[in-house]
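See structure below.
Please treat every number below as a calculation from the coordinates, not as lab data. This is a predicted model, so every value here is computed, not measured. Positions of Cβ are generated from backbone atoms using ideal geometry, with glycine treated the same way; all protein chains shown enter the neighbour counts.
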Amino acid sequence: MPDGRSDKTHSAEILTHASDGVRFLTLNRPKAINSLTHSMVTTMHSVLRDWADDDDVRAVVVSGAGERGLCAGGDIVAIYRSVHTDGGKEARQFWHDEYVLNHYIARYPKPFVALMNGIVMGGGVGVGVHAGTRIVTDTSKVAMPEVGIGFVPDVGGTYYLSRAPGNLGLHAALTGAPFSGSDATAMGFADHYVPHQALDDFTRVIVTDGVDDAVKHYAIAPPSSNLVAQRGWIDECYAGDTVADVVAALRGHDAGPANDAANLIATRSPTSLAVALEAVRRASRLDTLEDVLRQEYRVSCATLRSHDLVEGIRAQVIDKDRNPKWSPSSLSAVSAADVEAFFAPAENDLWF
């Protein structure tokens, strides 16, 4: 990180640093791969607003502390506790404030650079994908893995999943599998590919010469996208009307990766899968990010009424047995009415 004066202390979890008109904001929970707490979201929004109104600030750079990545997602333990202690009130407020932040980043009035290095999942995608300049590297592992915990892709992720080439977005949404920096660039989740070893020099040039010059000197053509190379079977298999149709097509395909995808989908929450499929397809018909975020907020709030979100978090991070008991336990038991209920207006809907 370039040398310079430090800004006022905001919190131990959000670090800021100033250097010659560039402001650096660092998510600082490295042991948790910088997973977002509610206080981090509100502090980040406040800091960004202050910088937007400061004529001395000419660019903002966001990164994650430590070597593991920008951000592994939201603090799902806090969501689990909220369900049990206040009926999900705090979880709903967290999502509200998080999605408002996502929207603010997308409309930020100054050059905004997100270093999407290492692990960038869930809420981390929300911090990075809406930036004006989105940088990935050879270490980037991007994912929307929500269906694995009984949740549904959010933070504006369905906006980009629905607009990825062919059915690549549905593949990413239903498997929850990570994809590379090259894939992220091809799918519209990132703008530029910078080698990991060049990131420090890249940020120094942002300070000395500006964002455009940094990109010009250090961004390179990304390696070929592995997912794009597999679009043949992906576009074919994910064209089915239902998740059951998708899984049947994957199992019937002779491509080994197709069968691997089917096996991975089979471990996910059937309800989340059905809702995610519908959410991505509906997002493709919505015109604006605001509309998509509002839809996601409704879906997220609805998951608090479901069995699978609490059970998925329990299995993943509370008991850590990695053996969730989904209910319903099969795709065939999830009805169209069950899915539709997730899209009903929330009690306190999201507005901008």
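The distance linking the range 141-164 with the range 15-88 is 19 Å (Cα centroid to Cα centroid, whole angstrom). When all alpha carbon pairs of the range 14-341 are counted in 20 Å bins from zero, the resulting P(r) reads 33, 57, 10 %. Ranked for footprinting exposure by Cβ neighbours inside 10 Å, fewest first, Trp326, Trp351 give Trp351, Trp326. Stretched out straight at 0.36 nm per residue, the stretch from Lys325 to Arg81 would grow longer than its current Cα-Cα span by 85.9 nm. Peptide packing for 62-70, 39-47 was compared via the average number of neighbouring C-beta atoms within 10 Å per residue; ordered from the highest value, the list is 62-70, 39-47. Sorted fewest first by neighbouring Cβ atoms within 10 angstrom, Thr137, Thr158 come out as Thr137, Thr158.
A Förster radius of 45 Å combined with the Cβ-Cβ distance from His307 to Asp201 puts the calculated FRET efficiency at roughly 0.35.
Excluding Ser224 itself, what net charge comes from residues whose Cβ is under 14 Å from its Cβ, given Lys and Arg +1 and Asp and Glu -1? Surrounding charge for Ser224 is -1. Extension gain, Phe343 to Ala239: 0.36 nm times the residue separation minus the Cα-Cα distance gives 35.2 nm. Note on the chain: antiparallel DSSP beta bridges, both residues inside, total approximately 35 percent of the bridges counted.
Highest mean packing first, where packing is the average number of other Cβ atoms within 10 Å per residue, the peptides 206-213, 294-301 line up as 294-301, 206-213. Here His84, His192, His130 are placed in order of increasing Cβ neighbour count within 10 Å, fewest first, which gives His84, His192, His130.
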